[in-house]
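These notes are about the structure you will find just below.
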Amino acid sequence: MSNVNLVLSVGLAVFFFVVGPTAFLLNVIPGVVVEYFGSMPEMLGATMSDGEPTQEFLTAWTTFYWAWWVSWAPFVGVFVAKISRGRTIRQFVLGVLLIPSSIIVGAFTLLGGTSIWLQREHGEVAPDGTAQSLPAPEEIFYVVIDQLPGGAVLAPLVIVILAVFFITTADSASLVNSQMSQKGNPEPKRPITVFWAMCMAGIAVVILLVGDEDALTGLQNLVTVTALPFSLIIIAMAVALVRELRNDPQVIRYTYENWALEKAVERGVEEYGDHWVLSVEPVTPPDEYATGEAMDTSDEEFTAWYQRTDDEGNPVEYDYETGEYADGTDPARTSEDGTEGEQGR
């Protein structure tokens, strides 16, 4: 469903670009990107002391959306990490920062640019040319597509796209909630996943029935309030991640490398002055120059990172004679958990 919706969304963007003011949009897109980064320092420096308009903007937009993103971050992060298995942390971070941001900038530029062009050329969006005559936020999109050829066909398609977005979001949320309630089981039981989906649907129905026209406002306020405990959880998760990554094989090897060079250079200078070369030879501990003198590489704290597991978390044994894992996979290629095959040994 997500793949289908992605194709539909790209098709919608192409429709606006081709049917709408193509030349105008081509001129606007570079200017928008430059304006965005050029205005970023000023926007990041905005505070409540900058006057009433800024106060209203920061309250209605910045603070609320920060709270919204914080409350969504734990389960969305878990889901995106789940479907990004095999990627490095750098790839994951850059992907979730740059790809969505680029899509959002492109979407706002295409839709907003088309709206601006329609208002300048025909004045149909805001009849009297003032912000007061603009349609309600939930209606303005359909006002814009009504001005484009094929708008009558496009409107139902947009409703389908929005519905699928909600469905896939609820699907991922229920899946992550089900995983968390089953101690992180990567393949959660379907009845529990369905239970969480029904709970979310039930909460939405109750809010809509009780809140009437103010339901969305009430939901937004609820999200803002509940974001505080989630912000503390995210800080704790960040600290836990940093501590856990200290035992990552690549981090250990990097530290080991620095230790080896540092101790070798120290010994070379102390014993031979300026005339010596590096060599690798076994050392019987204890030896103050031994690179791994203080490290026990058989400790489970380190070996757990190197142990390949199946989808249920059970260890997969490695056959040193055949050079393959018990599941028949080749360690020379990158494993599913993102570590190189040689590391998997």
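The values are calculated or read from the model by the stated rules, or taken from the named source; none is laboratory data. Just so it is clear, the model here is predicted, and its values are computed rather than measured. Virtual Cβ from ideal backbone geometry, glycine too; neighbours counted across all protein chains shown.
Key figures
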read-out: Boolean, residue 276 is within 20 Å of residue 287 (Cα to Cα), touching a helix residue (DSSP H, G or I) at 6+ places or on another chain (Cβ under 7 Å) and either without any contact (Cβ under 8 Å) to a residue 60 or more places away in the chain or surrounded by 12 or more Cβ atoms within 10 Å (Cβ to Cβ) (or both); value: yes
read-out: Residue among 24, 15, 37 that is in contact with a Gly (Cβ under 7 Å, 6 or more places away or on another chain) and of a type in the set (Phe, Trp, Tyr); value: 24
read-out: Selection count where residues are exposed (fewer than 13 other Cβ atoms within 10 Å of the Cβ) and outside any helix (DSSP H, G or I), scope the stretch 129-173; value: 5
read-out: Any helices (runs of 4 or more DSSP H) falling wholly within the stretch 1-111 and containing at least 2 residues that are aliphatic (A, V, I, L, M) and more than 30 Å from residue 148 (Cα to Cα); value: 22-44, 64-83
read-out: Residue 101 exposed (fewer than 12 other Cβ atoms within 10 Å of the Cβ) and under 11 Å from the mean Cα position of the chain (by Cα); value: yes
read-out: Filter result for residue 126 (part of a helix (DSSP H, G or I), surrounded by 14 or more Cβ atoms within 10 Å (Cβ to Cβ) and in the same structural domain as residue 237 (by TED's automatic domain parsing)); value: no
read-out: All positions within the stretch 17-37 that are surrounded by fewer than 11 Cβ atoms within 10 Å (Cβ to Cβ) and either aliphatic (A, V, I, L, M) or farther than 30 Å from residue 122 by Cβ (or both); value: 18, 23, 34, 37
